[in-house]
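Data block below; observations after.
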Amino acid sequence: MDEAEERRLRMLHRLEAGAATCACGERLAALSTLHRSDLCTALVFDRLGRKMRLVEELHAACDRNWNRTFYGLYFRTLGDRQNQEAYLELARRVPYRVVLRERLTPHAVEAMLFGASGLLDLYPHDSYTLDLGRTFVHLASKHDIRPMEASAWELAGIRPANHPVLRLAEAAEFFARDEFVVDRAMACRSEADIRRLFCTEASAYWRTHHIPGSPADESPKRIGAFKANIIGINLVAVLQYAYGSYTGRDALRDNALALLERLPAEQNRYMRAWREAGGPQPRNAFESQALLQLATEYCAPRRCAACPLGRRILRRAEQLAAAE
């Protein structure tokens, strides 16, 4: 092994040793604006490509129906990560076609979602949930809906505003309100559009409840701006990009990228890791998605040799060694 290769391997080992803490943050921040922009763009396209594969799988499972695809993606994006599979299973048990048949009666949609989730079993003494349960028995027979087990849901440590029962109440109102959800999602161009689309208030009972049987101070229960923006990033922008790619509408793909630039940057543990490592602070969702892709696809698995930033650092080290 020659000296240049030894230096390269030493540098690679240093990068891999610090990968778990995003130790390249300062190097990323030191890039010129143009180079960092190019890097972010490449990472965002990588991330959208990965998410498009998920959309394609779901689209195929939904018989190439875009409204049904939206419905599945909505439930996948609705809750926290530990309940993602439970939300998807619920969407399979109460399919979109069934929601459309009952959507003129929001209480019926809520009863189907709650009943099929299995969560009604946790609140057997609340008059509201008892009424939902009676309605569900009728609708389950009518539409052949089999309920899940309540144990499918992870409920420990979840904030009241993000509790599945409240999210399902909000989802029931959202899908009862409008059957042309894809058309409205494709028309979103700004953060304000996203909020108008998704900040739907749950039914009147929830104004004084976060969970059944436990009265709380009166306030409207709706998806907040923070959660709506997360749905905008992970559902609307992704679906616009996928739909534009599928239909050959480049303008819609461009709109998806522009929407990411107009939505606020995410704030999560990955962004905190970059900040603590001296990395650049994302100005919008486009940049935070790039940092998220870098952290999850390269830093966490220590794939520094394949990382676009890691390759740049290694090339620079080789150039400096050659100049000596």
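The values are calculated or read from the model by the stated rules, or taken from the named source; none is laboratory data. Computed from a prediction, not measured in an experiment: that's the story for all the values here. Ideal geometry is used to build each Cβ from the backbone, glycine not excepted, and the neighbour counts take in all protein chains shown. Please note that ligands, DNA and RNA were not included when accessible areas were found on the heavy atoms of the full protein model with its side chains. Shrake-Rupley method; radii C 1.70, N 1.55, O 1.52, S 1.80 Å.
Tabulated data
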read-out: Label-point gap, in nm, between residue 105 and residue 64 - each point 7 angstrom along Cα→Cβ; value: 3.5 nm
read-out: Cα centroid separation, region 222-266 to region 117-168 (Å); value: 30 Å
read-out: Average silhouette area of region 149-275, convex hull of alpha-carbon atoms, in square nanometres; value: 10.2 nm²
read-out: Within a Gaussian network of the chain (alpha carbon springs, distance under 10 Å), most fluctuating of 11, 271, 186; value: 11
read-out: For peptides 161-167, 145-151, sequence by mean Cβ density within 10 Å, most packed first; value: 161-167, 145-151
read-out: Added length on full extension, which subtracts the Cα-Cα distance from 0.36 nm per residue, residue 312 to residue 276; value: 10.8 nm
read-out: Phi-based couplings in Hz for region 173-179 (Karplus 6.51, -1.76, 1.60; Gly and Pro marked x); value: 5, 4, 7, 6, 7, 7, 8
read-out: The chain: relative contact order in percent, alpha carbon pairs under 8 Å with at least 6 residues between; value: 25 percent
read-out: Per residue, in Å², the accessible surface of the chain once ligands and nucleic acids are set aside, probe 1.4 Å; value: 48 Å²
read-out: Under Karplus coefficients 6.51, -1.76 and 1.60, residue-wise ³J(HN,Hα) of region 138-147 in Hz, glycine/proline x; value: 5, 6, 5, 5, 5, 10, 6, 9, 9, x
read-out: Anchor residue 142: aspartates and glutamates whose Cα lies under 13 Å away (excluding residues fewer than 8 positions away in-chain); value: 102
read-out: For the chain, with +1 on Lys and Arg beta carbons and -1 on Asp and Glu, the positive-most of 90, 136, 230 along the dipole; value: 230
read-out: Normalised per residue, the volume of the convex hull around the Cα set of region 70-229 (Å³); value: 106 Å³
read-out: Whole-Hz ³J(HN,Hα) from phi, Karplus 6.51 cos²θ - 1.76 cosθ + 1.60, for region 85-98, glycine and proline x; value: 5, 5, 4, 5, 5, 4, 5, 6, 7, 10, x, 4, 4, 6
read-out: Debye log10 I(q)/I(0) at q = 0.11, 0.17 Å⁻¹ for region 1-85, Cα point scatterers; value: -0.60, -0.91
read-out: Of all accessible heavy-atom area on region 207-299, the percent that carbon and sulfur account for (1.4 Å); value: 45 percent
read-out: In degrees, nearest ten, helix 3-18 long axis to first principal axis of the chain (Cα); value: 30 degrees
read-out: Added length on full extension, which subtracts the Cα-Cα distance from 0.36 nm per residue, residue 159 to residue 53; value: 35.1 nm
read-out: For the chain, size of Cβ-based charge dipole, Lys and Arg +1, Asp and Glu -1, in debye; value: 400 debye
read-out: Stretch gain in nm, segment residue 178-residue 226, where the contour uses 0.36 nm per residue and the Cα spacing is subtracted; value: 15.1 nm
read-out: Candidate lysines - alpha carbon under 21 Å from residue 51, same-chain residues fewer than 8 apart omitted; value: 227
